[in-house]
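Below: the structure, in structure tokens.
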Amino acid sequence: MKSTYGSRLAEALRLAGRERQELAAAISVSVQAIGQVIMGKTKALTAENSERAARYLGVNPYWLATGEEQPYMAPSAGWPFTAVTVEQWNALSDSQKGRVEGFAEGVLKESIGVKSPGAPRAA
């Protein structure tokens, strides 16, 4: 049996570790609208809101819309990691995500020759 859009949206929320209220606020729709989609009273979000929801939840927008392919975004589709899944990332606390982002920012700046404040300068 093919999954419904509502069941995929519920699964995307679960994978992301997010609540309906958070998604509703992120894509500017009502919590009731999210609930109606999940319960199957409405077939799906608009294409634009579906794309926003997928981006916010870190899932493959094509999977969310159609149920085809995998829920996780492929690296070429915007997910930057090959050894870390969206589910693993979403399991991190905001503090842990901030530490990873800070580390990545440092590596990226270093790769283009930007020194961090307080870093020793080359003579």
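Which ones in the stretch 3-40 are of a type in the set (Lys, Arg) and either in a helix (DSSP H, G or I) or surrounded by 18 or more Cβ atoms within 10 Å (Cβ to Cβ) (or both)?
Step one: filter the stretch 3-40 for residues of a type in the set (Lys, Arg), giving 8, 14, 18, 20.
Passing the criteria: ARG8, ARG14, ARG20.
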(request) Those residues that are surrounded by 13 or more Cβ atoms within 10 Å (Cβ to Cβ) and modelled with pLDDT under 70, I need them from the stretch 50-87; list them, please. (result) MET73, TRP79
(message) Pairs needed: first member in the stretch 68-83, on the phi < 0 side of the Ramachandran plot; second member anywhere, surrounded by 10 or more Cβ atoms within 10 Å (Cβ to Cβ) and modelled with pLDDT under 60; C-beta distance under 9 Å; at least 6 residues apart or different chains.
(response) PHE81/PRO75; THR82/PRO75
(request) Go through the stretch 23-41 and give me each residue that's in contact (Cβ under 8 Å) with a residue 12 or more places away in the chain and at negative phi. (result) LEU23, ALA26, ILE27, VAL29, ALA33, ILE34, GLY35, VAL37, ILE38, MET39
(request) Enumerate the pairs (first residue in the stretch 93-113 and closer than 24 Å to GLY17 by Cα; second residue anywhere and at pLDDT below 90 and assigned to a helix (DSSP H, G or I)) with beta-carbon separation below 8 Å, excluding pairs fewer than 6 apart on the same chain, so at least 6 apart or on different chains. (result) LYS97/TRP89
(request) Taking PHE103 as meeting all but one of (1) at pLDDT below 70; (2) over 15 Å from GLY58 (Cβ atoms), write down the number of the exception. (result) (1)
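The values are calculated or read from the model by the stated rules, or taken from the named source; none is laboratory data. Since the structure is predicted, the reported quantities are computational estimates derived from the model, not experimental observations. Glycine also receives a Cβ, built like all others from the backbone with ideal geometry; neighbour counts cover every protein chain displayed.
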